[in-house]
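The structure under discussion is supplied below as structure tokens; questions concerning it will follow.
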Amino acid sequence: MVKSSEIFFLPEDTYGIPFVKNLIKRLKDEGFLSSDISIAKAYKLPGKCNPKLSRIIKAAYDDYDRIIILADAEGSDVTYMKRKLENHVPSPFEHKVRIIILKYCIEEWVCIGLNIRFRHNPIE
């Protein structure tokens with residue numbers, strides 16, 4: 001019997017939580033993602049360079065199979081942004097943490113996914 005994977009999800013954007021939950025549901029429904037994967041808990045990322053992130057990871061470590069951080073680089077260097085977040089992941093917990101950095105503004109994905117119209121800048 002395959003054990004389900006419970007994910008603790010930390011998106012940078014508040015609207016990222018329902019958007020990614022809907023995206024995962026759709027990927028599971030269409031057979032692109034295993035039905036055993038679920039976002040068990042979601043919490044807004046406190047910031048790219050916030051020491052609170054370390055405490056959140058430590059608190060989630062024992063209860064979840066994977067901790068996923070989703071942030072955007074907003075056009076900046078993706079590698080730099082990833083390193084910035086990795087600095088707040090305590091070494092003993094690294095193996096459960098995955099950091100996904102999108103090159104552009106995550107709000108664009110959220111707006112498109114939730115059918116929210118925007119003109120130039122979705123953050124506005």
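The values are calculated or read from the model by the stated rules, or taken from the named source; none is laboratory data. Quick caveat, the model's predicted, so the values are computed rather than measured. In this analysis, Cβ positions are derived from the backbone assuming ideal geometry, glycine residues included, and neighbour counts consider all displayed protein chains. Surface accessibility is based on the protein's heavy atoms, side chains included, excluding ligands, DNA and RNA. Shrake-Rupley method; radii C 1.70, N 1.55, O 1.52, S 1.80 Å.
Measure off, as a whole percent, the carbon and sulfur share of the 1.4 Å-probe accessible area of the chain, all protein chains present.
Carbon and sulfur together cover 51 percent of it.
Let me ask something else about it. Just to be sure I understand the model, the point goes 7 Å from the Cα along the line to the Cβ. What's the resulting ASN87 to PHE118 distance in nm?
Output for this residue pair reads 2.6 nm.
For GLU30 and TYR104, calculate 0.36 nm times their separation in residues minus their Cα-Cα distance, and state this gained length in nm to one decimal.
24.0 nm
Note down the net charge around GLU86, summing +1 for each Lys or Arg and -1 for each Asp or Glu among other residues with Cβ under 13 Å from its Cβ.
Here the count lands on +4.
Can you tell me what the convex hull of the Cα atoms of segment 1-62 projects to on average, as an area in nm²?
The number I arrive at for segment 1-62 is 4.9 nm².
Counting just the Cα atoms, what span does segment 68-124 cover along each of its three principal axes? Round to the nearest Å and put the largest first.
Largest to smallest, the principal-axis extents are 43, 21, 14 Å.
Among the chymotrypsin sites (Phe, Trp or Tyr not before Pro) within segment 59-116, which fall in a DSSP loop and have no more than 16 other Cβ atoms within 10 Å of their own Cβ?
In loop regions of segment 59-116 (DSSP not H, G, I, E or B), the sparsely surrounded chymotrypsin sites (Phe, Trp or Tyr not before Pro) are TYR61, TYR104.
Please check the chain for the longest run free of trypsin sites (Lys or Arg not before Pro) that are loop-located per DSSP (anything but H, G, I, E, B) and have at most 10 other Cβ atoms within 10 Å.
4-116
So, in Å, what gap is there between the alpha-carbon centers of segment 1-68 and segment 72-111?
14
Let me ask you something else. Just the accessible area per residue of the chain, please: how many Å² with a 1.4 Å probe?
On a per-residue basis, the chain sits at 65 Å².
Return the calculated 222 nm mean residue ellipticity for the chain, to the nearest 500 deg cm²/dmol, obtained by summing -39500 (n - 2.57) across DSSP H runs with n ≥ 4 and dividing by the residue count.
It comes out at -9500 deg cm²/dmol, rounded to the nearest 500.
Right, another one. Can you compute the charge dipole magnitude of segment 4-124 about its Cα centre, using +1 on each Lys and Arg Cβ and -1 on each Asp and Glu Cβ, nothing else charged? Give it in debye, rounded to the nearest 20.
About 180 debye.
Counting residues in the chain as N, plug N into 2.2 N^0.38 Å and put the Cα Rg over that result.
1.09
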